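Before any comments, here is the structure.
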Amino acid sequence: MNRFLLRLVLERSWPHCTVCEAEDGQKAVQALQEMHHDLVFMDMVMPHMDGIEATQALRASQDPRVARTPVIGLTANVNQQDLARFESSGLNVLMLKPFEPEKLCEQIEQLVYAQATTLRTDTAQA
C-alpha cells in the first residue's frame, strides 16, 4: 500500500518520471547495481534484507554512482534507537510514515538538485 501511495505522489508530481519497485532490500541493491537511478526510497522493514542493511550495501558499493545515490528512508517505526540506526546507515533523509506529500516532494527536489550539481562538478573536474 505504501509503495502504491508513493508511486501515486511521484507520478502526479513528475508525470514523466520512471518508477522502479523492488519487493525487498536484496532486489533493491541488485536493481541499483544494474541500472542508474536518480533517487532511492528505502523502507526500514523489508523481507530478506532490511532497509538498514540495503542502505549500507549501497553506500559500500565500489561503483561511485551507486554509493552516492540519494536515499530517502521511510518508516512507521518510532523507536528512537531503530531510527538512529536507520539514519546512520547512510540515509540522506529520514521521513516517518505516513508522509506528507508536499514535504516529500520538497525533499526529492532538494536531493535530486544536489545530486545533479555534484555530477556536473565531478564531470567538470575530470
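Below, the figures for the structure above:
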read-out: Verdict on residue 26 being within 19 Å of residue 2 (Cα to Cα) and of a type in the set (S, T, N, Q); value: yes
read-out: Complete set of residues in region 35-86 that are of a type in the set (D, E, K, R) and out of contact with any helix residue (DSSP H, G or I) (no Cβ under 8 Å at 6 or more places or on another chain); value: 65, 82
read-out: Residue in region 10-27 that is buried (at least 19 other Cβ atoms within 10 Å of the Cβ) and polar (S, T, N, Q) present; value: no
read-out: Search result, residues across region 61-109 that are farther than 14 Å from residue 50 by Cα, among the polar types (S, T, N, Q) and surrounded by 15 or more Cβ atoms within 10 Å (Cβ to Cβ); value: 61, 69, 92, 107
read-out: Residue under evaluation residue 99, criteria (1) modelled with pLDDT of 95 or more; (2) closer than 23 Å to residue 9 by Cα, criterion not met; value: (1)
read-out: Residue in region 49-59 that is of a type in the set (Lys, Arg), modelled with pLDDT of 95 or more and under 22 Å from residue 29 (Cα atoms) present; value: yes
read-out: Residue within region 54-65 that is of a type in the set (Ser, Thr, Tyr) and either more than 17 Å from residue 112 (Cα to Cα) or free of Cβ contacts under 8 Å to residues at least 24 places away in the same chain (or both) present; value: yes
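The values are calculated or read from the model by the stated rules, or taken from the named source; none is laboratory data. Everything quoted here is computed from the prediction, not taken from an experiment. A quick note on method: Cβ atoms are made from the backbone with ideal geometry, for glycine too, and the neighbour counts reach across all protein chains shown.
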